[in-house]
Each structure stands twice: as C-alpha cells, then as structure tokens.
Amino acid sequence: MRITAVTCVKNEGPFLLEWIAFNRLLGVTDFLFYSNDCTDGTDTLLDALAARGGVTHLPNPAKGRNYQMEALKDAAKQPVMRDADWVWVADVDEFLNIHVGDHSIPALIAACGDPQAISVTFQFFANDGVWAYADLPVIGQFTRSHNPDLWCAETAIEVKTLVRKDFPLQYYGAHRPFFKEKLAEAKRPRWTDGSGRKVPHKFLVAANPRRIRKFPAGGARAFATLNHYALRSLDSYLVKNDRGDVNREGRAFDDTYWRERNDRAHQDLSIRRYLPRLEAALKALKADAEVAALHADCVARHKAKRDALMADPAYAEMYAHLKALPPYPPGEYELMQELGLVA
C-alpha cells in the first residue's frame with residue numbers, strides 16, 4: 001500500500017525528522033512537502049532528505065497568501081499523489097494516534113471497513129508548563145489536553161482526513177476533500193469518522209458552512225485520534241508567532257489561540273506507545289552525518305531566533321504574559337472567579 005503525506009511548511013526544521021519518522025511508523029511511504037520563505041534551514045534539510053528518496057520537496061506555488069490551498073491544488077497533479085493508494089493531508093504539528101491493530105494506517109483502514117475517506121478528530125495538547133525548547137520527541141513531552149469530546153464550549157471539533165485513491169475528488173481541502181455538489185447520491189463516497197461510523201450527512205455534503213470541517217467529537221475516536229501539538233514549548237510558540245504575519249505594534253496581543261489550546265484537564269499517554277520505535281527511527285536517520293548536521297543547524301537557528309525575539313521588548317512581554325496565564329480555556333477561568341473558586 002502506497003500512502004502519501006502532503007504538508008506545507010515554513011521554518012519547521014527542528015520538527016521535520018520526528019514527523020517523517022513517526023509517519024513512516026504508521027505506514028506512510030511517500031512525503032510531499034511544500035515550503036516557502038524558510039530561514040531556519042527547513043528547505044536545505046528537505047532537499048537532503050529528498051536526495052535520499054521517499055521525500056519530494058517543492059517550492060510553494062502560491063502567488064498570494066493562500067499558501068495551503070494553492071499547494072494542495074498543485075499537489076493533486078503530482079505523480080506522488082496520483083500514484084498513492086491513500087493520501088494524508090496534515091501539518092507537521094499533527095500526529096495520527098491509532099488505537100487498533102498494530103497502530104498503523106492500514107490497521108485503521110481495516111477497522112473502519114475500508115471506506116473511501118476517514119476523518120479523524122483533533123485533540124489539542126496543552127503546553128502544560130513546558131517553557132524551554134528541547135530537541136526531544138514532541139509526542140513524549142506533551143501529555144495533557146482538554147476533555148477529548150469537548151473543546152472550550154464546542155462539542156464539534158475539527159478533523160483531518162485520509163483519502164482513498166478512488167474518492168470522487170473535486171479538490172483537496174486542508175481538513176477534508178470535496179466532491180461535486182451535483183454528484184448522484186449513489187456515487188457519494190463511503191466516509192467514516194475515527195470510530196468507523198458514517199460521518200454526519202451535513203458534513204458529508206458540506207451543507208453547513210459553520211461545520212464544513214468538523215462534527216461532534218463524542219464517540220468519534222475509538223480507532224484513532226489526531227494529536228495536535230499547536231503550542232509545543234513556549235520558546236517554540238514564540239518562534240511560531242514570528243514566523244507568521246503577527247504585527248503587534250500599536251495593538252494588544254491576542255492570547256485567545258494560546259488559551260483555547262492550553263487546557264490541561266485531561267491526561268492522555270497513549271501515543272507514547274510509539275516512542276521506542278520512534279527513537280530508534282530517529283537514531284537511524286541521524287546516523288547519516290549530513291542529515292544529522294542539517295538537523296542540528298535547524299535546532300541551533302531555532303534557539304537563536306528565540307533569543308533574538310526575547311531581546312525585543314514586545315516579544316519579551318508576550319512571553320511573560322503567556323507564561324503567567326492560568327491553564328484554562330476562555331470563559332472557564334472567568335466563571336471560576338465568579339463562583340469564588342479561584343482568586
């Protein structure tokens with residue numbers, strides 16, 4: 001079975017080897033990376049990995065700011081996608097945690113009854129007081145999240161989707177594929193959640209714009225969960241903010257994204273089942289002297305960027321503010337204050 005993972009990256013150098021090694025454990029055979037405007041060595045490391053096989057690295061074709069959608073449009077034409085039995089569209093901070101069989105993508109497909117698409121629900125993992133960046137597997141460092149079936153006040157949580165080659169594709173979306181609106185009902189794809197259940201009808205046909213990429217999470221993770229490490233360490237979150245288009249001059253920093261994802265009410269250690277094999281796979285990748293040196297350079301640049309940002313008063317203030325925030329999602333802490341449960 002050929003499984004292609006496709007993703008877009010910008011300054012993700014320190015995290016590439018773990019993501020590639022982990023997905024290979026799941027059964028991913030090929031990778032398609034699109035990069036843009038990298039300054040931390042991401043593109044150089046990807047070029048080296050591409051030279052060794054199994055990785056395709058292309059510049060992002062976007063002419064404007066819609067990097068992901070333009071890349072996915074281009075990806076649909078690439079041989080590594082067309083020749084795949086299954087396609088997995090995900091980001092480098094997302095790890096598919098499979099709970100059945102040998103914990104691989106083929107095991108998940110079998111458990112779900114070999115449908116044409118499988119949408120797996122996110123679980124957002126908190127920073128949980130990890131301030132300093134460390135060159136260690138992300139899946140081993142962060143173990144706490146929100147209630148898996150409830151995120152902030154939402155019972156519907158976003159998904160990412162595995163897509164089989166015979167899916168009646170109109171185009172790939174970042175969270176789910178789309179088929180033509182007028183496709184006959186009999187030709188609509190067989191599509192399940194991460195428990196092998198049919199996805200809700202309105203999600204299937206993209207009938208509700210507010211839930212076009214999510215559905216209720218209750219009971220949806222029996223076979224698989226999508227662990228999303230959107231925050232990682234506070235050091236890395238600082239660098240992540242600089243990577244984007246955040247401009248804080250003249251306005252207050254919005255901490256909502258951090259607060260929504262830094263709910264540590266629930267502990268989930270299940271993905272650590274992969275750690276022994278992941279560490280062995282990383283050791284094997286780093287046995288290649290050039291790959292090891294390029295990875296180390298990405299790590300050094302990541303740390304240097306963090307140090308440079310902390311010399312900027314605006315970023316230092318942001319760092320201190322986030323570090324001091326209580327680990328509750330928006331609304332919950334305010335309610336606890338109102339009830340007199342916290343000062």
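Every read-out reported here was derived from the displayed coordinates using simple, explicitly stated rules and does not represent laboratory data. These figures come from a predicted structure and were not determined experimentally. Neighbour counts are summed over all protein chains in view; Cβ atoms, including those assigned to glycine, are modelled from backbone coordinates with ideal geometry.
Filtered by the rule that a residue be touching a residue at least 60 places away in the same chain (Cβ under 8 Å) and part of a loop (DSSP other than H, G, I, E, B), the range 268-289 gives D268, L269, D288. Kindly check whether there is at least one residue in the range 39-55 that is basic (K, R) and closer than 28 Å to T121 by Cβ. No: the range 39-55 contains no residue that is basic (K, R) and closer than 28 Å to T121 by Cβ.
From the list A134, A186, the one residue that fits, being hydrophobic (A, V, I, L, M, F, W, C), out of contact with any Cys (no Cβ under 9 Å at 6 or more places or on another chain) and over 30 Å from K303 (Cβ atoms), is A186.
Kindly indicate the residue of the range 8-30 that is among the charged types (D, E, K, R) and over 26 Å from F223 (Cα atoms) and also farthest from the chain's Cα centre (by Cα) among those meeting that condition.
Filtering the range 8-30 down to residues among the charged types (D, E, K, R) leaves 10, 12, 18, 24, 30.
Now narrow it down to the ones that are over 26 Å from F223 (Cα atoms): 10, 12.
Numbers: K10: 13, E12: 12 Å.
Looking at residues that are among the charged types (D, E, K, R) and over 26 Å from F223 (Cα atoms), I get K10.
Selection of the range 2-42 for residues being of a type in the set (D, E, K, R) and either in contact with a Leu (Cβ under 7 Å, 6 or more places away or on another chain) or part of a loop (DSSP other than H, G, I, E, B) (or both) yields R2, K10, E12, E18, D37, D40.
Please tell me if A132 is surrounded by fewer than 20 Cβ atoms within 10 Å (Cβ to Cβ), in contact (Cβ under 8 Å) with a residue 12 or more places away in the chain and under 30 Å from R277 (Cα atoms).
yes
Taking the criterion of being in contact with a strand residue (DSSP E or B) (Cβ under 7 Å, 6 or more places away or on another chain), among the aliphatic types (A, V, I, L, M) and either under 23 Å from Y171 (Cα atoms) or exposed (fewer than 15 other Cβ atoms within 10 Å of the Cβ) (or both), the residues of the range 22-77 that qualify are V28, L32, V55, L58, A71, L72, A75, A76.
Could we say that F203 is surrounded by 15 or more Cβ atoms within 10 Å (Cβ to Cβ), in contact with a strand residue (DSSP E or B) (Cβ under 6 Å, 6 or more places away or on another chain) and on the phi < 0 side of the Ramachandran plot here? When the stated conditions are applied, F203 passes them.
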